[in-house]
Structure formats: C-alpha cells, structure tokens
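Here's the structure we're looking at; comments come further down.
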C-alpha cells in the first residue's frame, strides 16, 4: 500500500505566514496610535493576504491510488490514472488526459495545468540538476507532503502511475484481466471555498469603503 502524496509550495506558505505576521504587527501599531480607527484598513489588508494565499498557498496536487487530483485556485480536477496520457514539467506542470469518445467516436485530449508545482528556475535548469524525489514509505497511511518543482513532480507522477494501479490490484486480489481499476471519467468542479471567501472579502472591502 502506497501512502497519499500531497505536493504544495512550502516556501509559498511560509511567505504568506510572514506577510500575515507583518500585517498583524502593523494592525496592532495602528490600534495603539489611532484606537479602533486603526481597524479601518483591516478588511483590505485581509483581502491582500488572502490573494497572496490564493497565489502561493491554495494550489496543491494530491496523488493517491485512484489518480491525481489537481487543486488550483478556482478549479479542482480529479483525473483517474488510466486517463493520463502524458505529464510534462517544461513550463510548469501539465497533465494531458484522454476523455471519453464524443458522438463521433473521437477522443479529444485535455490539458490540465497545475499551479502547485512551479517551473524550474533558469539557473537551475542550466545546471542540469537531477530531479530529487523523496522516498515513498510503502505501507504508511499517513499522507506525505512534499514541495517539488514541475520536473520532479512530473517524474513522480510517471513513477506513481506505474506503481499505483499495480499495487491497488495486488491489494484487492485482482488479476490482470485486461480491465483497468478505478475506471472513471475526468471530473472538474469549482473550488467553492476560495470562490466564496474571495467574494465575502471583496464585498466586505467594498462595504467598508463606502
């Protein structure tokens, strides 16, 4: 059994924490100097922190036995393993997935970009740095959370695409009969949490500025 793997930006989340701490300090100083009037700009500051969080902290990639879940700022993609046809990390992580045939029997591919794995920096790419992937602890049920660039994440997904269906079939006692486990379609849904919080913060800022 292979544990779930979550790819997210550790540096981005630390950066958001630093910005939040700085805003808290500034807000306290405003309260000391101006009293409750110092809270007038708090909604706008919170909106700023939230927008930074959306850019740096929300996105993540979840890898499990069923496939890959790409969590972007305002959309979430669930992609079964057998639908993935190609993974590339050249300009950021992108998954090419095969959809079911349309009315004409044509399978149109879909490209899904993942914000959680940034493209490798130019300097690093020129050095030809070898992809470093932490070791997967087989048998663990605790999710493993890593911060990887697009090239390393693409390689990890390719490796897991080979290992996961095989380990899943072994666990359930299935034999290779030509059918693929977890047969399903690509699912996409709005990331309602970020959408709702963003709408509330924007509305609050507008109301307080009127």
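The values are calculated or read from the model by the stated rules, or taken from the named source; none is laboratory data. Note that the coordinates shown come from a computational prediction; the quantities given were computed from them, not determined experimentally. No Cβ is skipped: glycine too gets one built from the backbone with ideal geometry, and neighbour counts run over all protein chains shown.
Structure notes:
- Residues (exposed (fewer than 12 other Cβ atoms within 10 Å of the Cβ) and in contact (Cβ under 8 Å) with a residue 24 or more places away in the chain) located in segment 186-203: 189, 190
- Matching helices (runs of 4 or more DSSP H) fully within segment 112-210 where at least 3 residues are at pLDDT 90 or above: 150-171, 192-209
Each row is one residue, and each column tells you yes or no for (1) touching a helix residue (DSSP H, G or I) at 6+ places or on another chain (Cβ under 7 Å); (2) surrounded by 14 or more Cβ atoms within 10 Å (Cβ to Cβ).
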site: 28; (1), (2): no, no
site: 34; (1), (2): no, no
site: 37; (1), (2): no, no
site: 43; (1), (2): yes, yes
site: 53; (1), (2): yes, yes
site: 59; (1), (2): no, yes
site: 63; (1), (2): yes, yes
site: 66; (1), (2): no, yes
